[in-house]
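Peer 1: One structure, as structure tokens, below. Some questions next.
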Amino acid sequence: MNYISTRGGTTAADHISGAAAIKQGLANDGGLFMPETLPMVSMEEIIALSEKSYPERAAAILGKFLDDYPADELLSYCRAAYAEDRFPGGAAPLHKLNDTVSVMELWHGPTCAFKDMALQIMPKLLSGALRLTGEKRRAFILVATSGDTGKAALEGYADVDQVGIMVYYPVDGVSRMQKLQMATQEGSNVNVCAIRGNFDDAQTGVKRIFSDPTAAEALAENGCFFSSANSINWGRLVPQVAYYFSAYCDLLAQGEIEPGEEINVSVPTGNFGNIFAGYLAKEMGLPVKRFLCASNKNNILTDFLNTGVYDRNRDFYTTMSPSMDILISSNLERLLYLKTGCEKTAAYMKALNECGRYEIDAATKASIDADFTGYYCDEEGTAEVIRRTFADYHYVVDPHTAVGLSAAEQYIAATGDTTKTVVDSTASPYKFASNVCRALTGNAPEDEFDALCLLSNVTGTEIPAPLASLRTKAVRFERVIDPADMRAETLKVSETL
Ligand SMILES: *Cc1c(COP(=O)(O)O)cnc(C)c1O
């Protein structure tokens, strides 16, 4: 199966294998890679998968897209990535909340957020890609993070052969827990550096290095090439398709649904990656009636779905669900490509670059309306859902998950639709312990570790081991630099990793 750009690159070099797409990250014309055709999964296959383990389900879905990788290799990647010691409690277990709603817990991995679902396996896909494409240089992964991606990428790529990784984060733009998670990262091929500035400064600095030919030349002299771990990379997206099939399999196995019965899916959304992976599953044959696109106070996607206008010229809010504080949802480009084709997509993206705004035509809007509804939830609403979910169901959710639950509640209240609904839970509540404590008890300790203990006492749940152990881990990375020095720092580090 070959991959092409959402913006329509037409030369032979624009039709490349899955391995090449994962290695390259972004298409030559600035677009995102998509498979030329979508593979299908029949209901018989889904029923058969419902008797399999998560790694077997994931390998079956990955194999449909990555037919250039040997099938037994994909299965061994999945067995290693989603093993019980990496995901204690299971990779994507369902927690039944009530007769309509089940929560899919995607945060049992090593960094306690759903990004582990992709970033535990993506390094294996990249290593495989280096071999399959005969690449002898080292991949040097450069990441700008507002918190969760950086740690999940470090944890995934630590000590992977022929790869080095460098993560930049804004010095005052991540939580103390997130900072500690990154600063204590182990591994001989990892480096972490804070920058004086905000996330946009970090992101801009990284993009500048990626598109600087002299930086690429300097890196080549060290025997390396740049690669990315962001959700624009196909290798990040394809592992996420698998858990939508897995959720359906679990509902079948539990007798919650009959084969072929439709479900609804609610996804707390930032970059539109996770929800788009769900939509791909639907296009491949998974019976999904409606996707609920859940946003926090940064409700640019809610407005887009309601009006057909995407306009990033608006205020940016810092919320208690920081991984969704995003004004450019990169993966929306892939949905536009599927709905309208590459020509219109290229035009919309050009308008977004030049004016920060685009408006889709009526036919495209109608087509998107058929699958998606947008809802948002402000800060008080988020705290209220955390509090009420615990009061009603004795179940603790993090602020991102609360936004997803709110969308499901709003949709059900508005429509009366009692179709079985899966809500993605994207982070452990302990990752955002002080805000969850404040929502549940009205106040929160100053110290983040005290907040972990309080949350555990109040809810009778256990602190995840990877967070509890941070208190005693040695800090390895304390450097803080100016954004202007990122290029020099990156090249210096590339010589050592
Ligand atoms: C990254 C992230 C999201 C948003 O996922 P997208 O794929 O960017 O839409 C939601 N919740 C948490 C906890 C995250 O880390």
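Peer 1: What aspartates and glutamates sit close enough to LYS96 to cross-link, taking a C-alpha to C-alpha distance under 18 Å and skipping anything fewer than 8 places away on the same chain?
Peer 2: Cα-Cα hits under 18 Å: GLU105, ASP250, GLU256, GLU258, GLU261, GLU262, ASP392, ASP398, GLU409, ASP417, ASP424.
Peer 1: What is the P(r) of segment 30-176, as percent of Cα-Cα pairs per 10 Å bin from 0?
Peer 2: Reading upward from the zero bin: 10, 31, 37, 18, 4, 0.
Peer 1: Short version: ³J(HN,Hα) in whole Hz for each residue of segment 255-264, in order, from phi by Karplus 6.51 cos²θ - 1.76 cosθ + 1.60 (θ = phi - 60°), x for Gly and Pro, what are they?
Peer 2: With the stated coefficients, segment 255-264 comes to x, 6, 9, 8, x, x, 5, 7, 10, 10 Hz.
Peer 1: Want the number for ASN222 to ASN457: 0.36 nm per residue separation, take away the alpha-carbon distance, what's left? Can you show the working numbers first?
Peer 2: Working: separation 235, 0.36 × 235 = 84.60 nm, distance 5.15 nm.
Extra length available between ASN222 and ASN457 comes to 79.4 nm.
Peer 1: Grab the other residues whose beta carbon is less than 12 angstrom from that of GLY255, score K and R as +1, D and E as -1, and report the net.
Peer 2: Numbers: positive: LYS96, LYS420; negative: ASP250, GLU256, GLU258, GLU261.
Charge balance in the 12 Å sphere: -2.
Peer 1: Quick one: if you stick a label point 7 Å off each Cα along the C-beta vector at ASP29 and LYS136, how many nm between them?
Peer 2: 3.4 nm
Peer 1: Using all Cα-Cα distances in segment 1-71, what percent lands in each 10 angstrom bin from 0 up to the longest?
Peer 2: Using 10 Å bins, I get a P(r) of 20, 42, 26, 12, 1 for segment 1-71.
Peer 1: When every alpha-carbon pair in segment 105-258 is counted, what percent end up more than 27 Å apart?
Peer 2: Across segment 105-258, Cα pairs with separations above 27 Å total 27 percent.
Peer 1: While we're on this one: Calculate, axis by axis, the spread of Cα positions in the chain along the three principal axes, and write the results as whole Å, longest axis first.
Peer 2: 61, 51, 47
Peer 1: Right, here's the next one. Taking neighbour Cβ counts within 10 Å as the exposure measure, how do CYS293, CYS193 sort from fewest upward?
Peer 2: Placing the least packed residue first, the sequence is CYS193, CYS293.
Peer 1: Another one. Of LYS365/LYS420; LYS297/LYS339; LYS115/LYS420; LYS151/LYS339; LYS207/LYS344; LYS23/LYS350, which ones are farther than 30 Å apart at the Cα? List each step's numbers first, then the result.
Peer 2: Values: LYS365/LYS420 26 Å; LYS297/LYS339 27 Å; LYS115/LYS420 25 Å; LYS151/LYS339 34 Å; LYS207/LYS344 25 Å; LYS23/LYS350 25 Å.
LYS151/LYS339, as the Cα separations exceed 30 Å there.
Peer 1: Give the order of ARG208, ARG7 when sorted by the count of other beta carbons within 10 angstrom, beginning with the fewest. The partial results should precede the final answer.
Peer 2: On the way: ARG208 13, ARG7 22.
If I rank by nearby Cβ atoms, fewest first, I get ARG208, ARG7.
Peer 1: From the helices alone, meaning DSSP H stretches of at least four residues, give me the mean residue ellipticity at 222 nm for the chain, per-run term -39500 (n - 2.57), in deg cm²/dmol to the nearest 500. Don't skip to the answer; put the middle values down first.
Peer 2: Values: 22 runs with 230 residues, N = 497.
That calculation yields -14000 deg cm²/dmol at 222 nm.
Peer 1: With θ set to phi - 60°, apply the Karplus curve 6.51 cos²θ - 1.76 cosθ + 1.60 along segment 284-296 and write out the HN-Hα couplings as whole Hz, x wherever there is a Gly or Pro.
Peer 2: Listing the rounded values in order: 8, x, 6, x, 10, 7, 8, 9, 9, 8, 9, 10, 8 Hz.
Peer 1: Near the amide H of VAL101, under 5 Å away, which other amide H atoms are found, from residues 5 or more places off or on another chain, if H is placed in the peptide plane?
Peer 2: For VAL101, whose amide H was placed from the backbone, the distant partners under 5 Å are THR421.
Peer 1: Moving on. Based on the Kirkwood radius over alpha-carbon pairs, what value in µm²/s does the Stokes-Einstein equation return for the translational diffusion coefficient of segment 396-497 at 10 °C and 1.306 mPa s?
Peer 2: This corresponds to a translational diffusion coefficient of 93 µm²/s.
Peer 1: Whole angstrom only: what separates the Cα centroid of segment 336-403 from the Cα centroid of segment 1-57?
Peer 2: Segment 336-403 and segment 1-57 have Cα centres separated by 23 Å.
Peer 1: Right, something else. At 0.36 nm per residue, and after removing the present C-alpha to C-alpha distance, how many nm does the segment from GLU446 to ALA351 gain when stretched out fully? Walk me through the numbers on the way to the answer.
Peer 2: Details: separation 95, 0.36 × 95 = 34.20 nm, distance 4.46 nm.
So the chain would gain 29.7 nm between GLU446 and ALA351.
Peer 1: Relative to the present Cα-Cα distance, how much length would full extension add between ALA363 and GLU384 at 0.36 nm per residue of separation? The partial results should precede the final answer.
Peer 2: Values: separation 21, 0.36 × 21 = 7.56 nm, distance 3.74 nm.
Net length gain for the segment: 3.8 nm.
Read-outs throughout are calculated quantities, based only on the coordinates presented, and are distinct from any laboratory measurement. As the structure is a computational prediction, the values presented were derived from the model and not from experiment. Reconstructed Cβ throughout: ideal geometry from the backbone, glycine too, with neighbour counts over all protein chains shown.
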